[in-house]
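Enquirer: Before I ask anything, let me first share the structure, which is written out below as structure tokens.
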Amino acid sequence: MALTSFNDVLAFVHVVREGSFTRAAALMGVSPSALSHAIRRLETRLGVRLLTRTTRSISPTEAGERLFHSVAPRFEDIDAELAAVKELRDKPVGTIRITSAEHAANSVLWPKLSRVIPDYPDINVEIIVDYAMSDIVSQRYDAGVRLGNQVAKDMIAVRISPDLRIAVVGSPGYFSNRALPETPHDLAQHNCINLRLPTHGGLLPWDFEKDGQEVKLRVAGQWVFNNSSSIIRAALAGQGLAFIPEDMVLADIAAGRLIRVLDDWCDPYPGYYLYYPSRRESSRALSVVVEALQYPENNRAS
């Protein structure tokens, strides 16, 4: 049915409900003659009279009564749904889906959001741990988390962490019969624990920088995992060297469970950013998430 047909049906519903062309026309913001023309157009299209008109009153015919009682509640439902949708513009409600690597999920998303989300019972957060460079638009994510140098230019990016550093660590037992590496190239003599990336199935290269000199290595070893927790577990067990964000192993280093090497080759690198397409800006729920994650926290936008 054409849009004009729906408009004519809506005009009919208003006339019957108000019992007057004048009052219905005022409600719809049209002239009484335009409203009368709409009713005639609907009657012509249906081939049946819907209203009985006298000089003093308007009443629906039997067909008009049936049509009114059938469609009027549906228009009321539509009005209610439109009002509910309009409320979403100003009320933080809904599910926010975020794709993130394991480290960012555990070190940034969870600690920050867990302090805020309980205050918003109508917001649900779904965090999907994934090392792939997911297309958040095609996969229907609301936002993603990547390092600052990995965010596409057409996305809105919000910094959510300070710069990061990598730590290369091994257990005291591992080093009991091995020399400590002094340069990244010494890693060729060591059993290195690799991280498997889902993108093209490759292994994460180990990147180093010192005094402007950059070194990128493909290391070898007996163990390959697809998550950081398993890599740390293997390093603690003396199975090899781990290349891991330093905040994940600082406690183990301080306790002597792990020994850090090549520290002077591990310069800071850009921290994490939350990114999302601009069309999501109208979501109040997403705005709550962005404000909770923004770094530094004392400079959050109001």
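Enquirer: Within the set of pairs 6 or more residues apart or between chains, which connect a residue that is in a loop (DSSP other than H, G, I, E, B) inside region 120-135 to a residue that is among the hydrophobic types (A, V, I, L, M, F, W, C) and at pLDDT 90 or above with Cβ atoms less than 6 Å apart?
Expert: What qualifies is Tyr120/Val288.
Enquirer: Further, regarding this structure: So is Arg196 surrounded by fewer than 17 Cβ atoms within 10 Å (Cβ to Cβ), among the basic types (Lys, Arg), within 30 Å of Val125 (Cβ to Cβ) and outside the structural domain of Ile127 (by TED's automatic domain parsing) or not?
Expert: Considered against the rule, which asks whether it is surrounded by fewer than 17 Cβ atoms within 10 Å (Cβ to Cβ), among the basic types (Lys, Arg), within 30 Å of Val125 (Cβ to Cβ) and outside the structural domain of Ile127 (by TED's automatic domain parsing), Arg196 comes out as yes.
Enquirer: Moving to a separate point now. Looking at region 239-289, which of its residues are among the β-branched types (Val, Ile, Thr) and either out of contact with any helix residue (DSSP H, G or I) (no Cβ under 9 Å at 6 or more places or on another chain) or not assigned by TED's automatic domain parsing to the domain that holds Arg196 (or both)?
Expert: Once the filter is applied, which keeps residues that are among the β-branched types (Val, Ile, Thr) and either out of contact with any helix residue (DSSP H, G or I) (no Cβ under 9 Å at 6 or more places or on another chain) or not assigned by TED's automatic domain parsing to the domain that holds Arg196 (or both), region 239-289 yields Val288, Val289.
Enquirer: Follow-up. With the condition kept exactly as written, say whether any residue in region 160-171 is within 25 Å of the chain's Cα centre (by Cα), closer than 24 Å to Asp252 by Cα and among the hydroxyl-bearing types (Ser, Thr, Tyr).
Expert: yes
Enquirer: Of these, Arg56, Arg23, Arg17, which one is exposed (fewer than 15 other Cβ atoms within 10 Å of the Cβ), closer than 20 Å to Arg74 by Cα and assigned by TED's automatic domain parsing to the domain that holds Phe75?
Expert: Arg17
The values are calculated or read from the model by the stated rules, or taken from the named source; none is laboratory data. Please read all numbers here as calculations on a predicted model, not as lab measurements. Virtual Cβ from ideal backbone geometry, glycine too; neighbours counted across all protein chains shown.
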